[in-house]
Amino acid sequence: MKDNLIKAVDYGQKLGTDYIEVRAQRLIKTFLTTEDGIVEVTEIAIPVGGISVPVNKLSLLAPYIGLTILLAVAAITVGYIKKRKRRTGIIS
């Protein structure tokens, strides 16, 4: 840990900073156990909170689907109007 802090300070000084802020958070618990003269190290992650919620894909895509349909209808309408004007010879 001390080596990492020294590296961070040295790197900050190379960049010409006035101060260096280092934050650390331990998210793993380490357990040492001994059995038959053998030391075993077990690391268990600490939960950080939050929940997992399934995503409703249709509700996420609904605005884009609606916009696509609207643009398709507009393109078809413009195409139909141009075709009709060409057939009838209407100049506007």
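The values are calculated or read from the model by the stated rules, or taken from the named source; none is laboratory data. Not measured: the values here are computed from a predicted model. Cβ coordinates were reconstructed from backbone atoms using ideal geometry, including for glycine residues, and neighbour counts include every protein chain displayed.
Observations, loosely collected:
- Of the residues contained in segment 47-64, none is found to be over 24 Å from residue 4 (Cα atoms), in a strand (DSSP E or B) and at pLDDT below 80.
- Condition check for residue 8: surrounded by 10 or more Cβ atoms within 10 Å (Cβ to Cβ), modelled with pLDDT of 90 or more and in a helix (DSSP H, G or I): no
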